[in-house]
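Taking it in order: structure first as structure tokens, then the write-up.
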Amino acid sequence: MSLYDKLKRFIGRAVFGYDMLKEGDYIIAALSGGEDSLVLAYFLSEWRQKMRINYKILGVHLDMNFPRDEERYQKGVEWLKDFCESLEIEFYYERTNCGKQALEVYEKNITSPCFVCSWHRRKYLFKLAEKTGANKIAFGHHQDDMLVTFFINMFYHGELSTILPVQEMFKGKLYLIRPLIFVEKDLISRFVKRQQWQILENPCPFSQQTKRKFIENFLREHIYPLGNKVKKSIINAIFNPKLEYLPSKPKKN
């Protein structure tokens, strides 16, 4: 089976399994310019033809405004714009001050810069959805993101939870969708390499220092090597919770 067919099968499982795409949808595709977002845009465009339904896609790139090689970055944004246009996706670019805000809290040691950046980025997307009338925001989160989020929430937040394939927001006015939720990161990387797409490098100075990166490396180096079926078993566990065998909180005295 080709890389394309594998991706199509896993994405189809998510799209049809959770009714992600419908006639008349207006979808904002969050495009960082990284591998995941390129594959997201490509298959959202593909599925519009395969399903023979009409929905609008707005590819949105939010510039976090971190320190970087400006000329190189703008060339990357221009390539991303051309990439979207080749897929008949309207492209939207906006420079934000999210990076500046993240750097400020880091220097003052107030809170996690990643939390600040992520919170403001999502706020921008929500406001844009309201402004444009979009009813869905598509993210390029994949299977490995789901696993890493599960362990982050368990280790650091004391709860069993992770990202959802479809998440309702604002009482149904907006939905977050993740068509790549069943796709492994390695498959995405190999497909992008074969397509010879240009990657917009992440200028975030904290990208290699996050809890997410730590958990990602920990799982890859210490957990997955325990056996060929370990990763698959964890995924199955997420989708197969035995709530009756998880204790409830005791009654207060």
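The values are calculated or read from the model by the stated rules, or taken from the named source; none is laboratory data. As the structure is a prediction and not an experimental result, all values here were calculated from the model. Note: ideal-geometry Cβ built from the backbone for every residue, glycine included; neighbour counts use all protein chains shown.
This table checks each residue for (1) assigned to a loop (DSSP other than H, G, I, E, B); (2) of a type in the set (Val, Ile, Thr); (3) touching a Cys at 6+ places or on another chain (Cβ under 6 Å).
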| position | (1), (2), (3) |
| --- | --- |
| 141 | yes, no, no |
| 148 | no, yes, no |
| 155 | no, no, no |
| 159 | yes, no, no |
| 163 | yes, yes, no |
| 167 | no, no, no |
| 176 | no, no, no |
| 186 | no, no, no |
| 193 | no, no, no |
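State all residues of the stretch 203-253 that are closer than 25 Å to residue 17 by Cβ and basic (Lys, Arg); if no residue qualifies, say none. 229, 231, 232, 242 - these are the residues of the stretch 203-253 that are closer than 25 Å to residue 17 by Cβ and basic (Lys, Arg). From 23, 71, grab the single residue that is in contact (Cβ under 8 Å) with a residue 24 or more places away in the chain, out of contact with any Asp or Glu (no Cβ under 8 Å at 6 or more places or on another chain) and surrounded by fewer than 19 Cβ atoms within 10 Å (Cβ to Cβ). 23 is the lone residue from the list that is in contact (Cβ under 8 Å) with a residue 24 or more places away in the chain, out of contact with any Asp or Glu (no Cβ under 8 Å at 6 or more places or on another chain) and surrounded by fewer than 19 Cβ atoms within 10 Å (Cβ to Cβ). What number of residues in the stretch 39-74 are part of a strand (DSSP E or B), among the hydrophobic types (A, V, I, L, M, F, W, C) and at pLDDT 95 or above? Counting residues in the stretch 39-74 that are part of a strand (DSSP E or B), among the hydrophobic types (A, V, I, L, M, F, W, C) and at pLDDT 95 or above gives 3. Number of residues in the stretch 219-253 that are in contact (Cβ under 8 Å) with a residue 12 or more places away in the chain and part of a helix (DSSP H, G or I) equals 5.
For the stretch 146-161, give me each residue that is touching an Asp or Glu at 6+ places or on another chain (Cβ under 8 Å) and crowded, with 18+ Cβ neighbours inside 10 Å. Scanning the stretch 146-161 gives a single hit, 148.
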